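Heads up, the thing below is written out as structure tokens.
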Amino acid sequence: MQENRNHQRGRRPTPLSDLDPALTEISRRVIGCAIETHKELGPGYPIEIYRKALAHELKHEEIPFEFEKSFDVEFDGENIGTVTADMYVGDRFLLKILADSDEVSGGARSELRAVLRAAELELGLIINFGQRRLKDGLVRVLNPDALRADDEEDYDEEEESDYAHSTEE
């Protein structure tokens, strides 16, 4: 359904193949941990129960994480405050954990995207354990600024590579 909404707005969803394979692999492992947590507990518990259960699964899978990781927010080159992610996983991406019976809101997506921008990370996941089926509560959130920066770096490397070849001839 999310893909359909993006298509209607004229945006194409970013395929996982466009992300770093190591990043997609760790995100898949985290989703696996969330699935195991949800299978065991189901919906209905307070958020703290899911946080502890997911932490248990991540430790079992030897996936490093930090709760309540703060990131500085800069404006015009000045630090104006901090934002906090629910979980910072594998030094690669962020998790926002919910336990709501409602669908993931646009506000939750915007909030996670803002933290991603402050952290200068590409990927975040919202995991809503309050849904009857966990797949209905999994939302991938991308930071377009970080994705563009990666594309520009790749472009610059290609230009340098082409330049190096043309000067050797």
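Just so it is clear, none of the values below were taken in a lab; they were calculated from the coordinates. On a predicted model such as this, the values are computed, not experimentally measured, just so you know. No Cβ is skipped: glycine too gets one built from the backbone with ideal geometry, and neighbour counts run over all protein chains shown.
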Worksheet item: Tell me, what HN-Hα J-couplings in whole Hz come from the Karplus equation 6.51 cos²θ - 1.76 cosθ + 1.60 at θ = phi - 60° for each residue of segment 34-40, using x for Gly and Pro?
Response: 5, 4, 4, 4, 5, 4, 6
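Among R28, R140, rank each residue by its count of other Cβ atoms within 10 Å, from fewest to most, as a rough exposure measure. Don't skip to the end; give the middle numbers.
Working: R28 11, R140 18.
Result, fewest neighbours first: R28, R140.
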Discussion item. Between K39 and I80, how high is the FRET efficiency from 1/(1 + (r/R0)^6) when r is the Cβ-Cβ distance and R₀ = 25 Å? Nearest 0.05.
Written reply: 0.05
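Below 8 Å, C-alpha to C-alpha, sequence gap of six or more: please give me the relative contact order for segment 2-143 in percent. Spell out each step's value before the answer.
Numbers: 212 pairs, mean separation 27.4, N = 142.
It rounds to 19 percent for segment 2-143.
Taking a ≥ b ≥ c as the square roots of the eigenvalues of the Cα gyration tensor of segment 14-115, is the shape rounded (a/c under 1.5), prolate (a/b larger than b/c) or oblate? Don't skip to the end; give the middle numbers.
Numbers: a/c = 1.67, a/b = 1.36, b/c = 1.23.
The shape class here is prolate.
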Worksheet entry | Estimated vicinal HN-Hα couplings, Hz - segment 127-142 in sequence order (Karplus 6.51, -1.76, 1.60; Gly, Pro = x) | 10, 9, 6, x, 7, 4, 10, 4, 4, 6, x, 9, 10, 8, 10, 10
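May I ask you to compute the full-extension gain from D102 to E66, defined as 0.36 nm times their residue separation minus their alpha-carbon distance, rounded to one decimal in nm? Present the calculation step by step, with values, prior to reporting the outcome.
Numbers: separation 36, 0.36 × 36 = 12.96 nm, distance 2.64 nm.
Result for the pair: 10.3 nm of gain on full extension.
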Discussion item. Through the Karplus equation 6.51 cos²θ - 1.76 cosθ + 1.60, θ set to phi - 60°, convert the phi angles of segment 105-119 into ³J(HN,Hα) values in whole Hz; use x for Gly and Pro.
Written reply: 7, x, x, 5, 5, 4, 4, 5, 4, 5, 5, 4, 5, 5, 7
Discussion item. Skipping prolines and chain starts, which residues have an amide H placed within reach, meaning under 5 Å, of the one on V73, given they are 5 or more residues away or on another chain?
Written reply: I80, G81, T82, V83
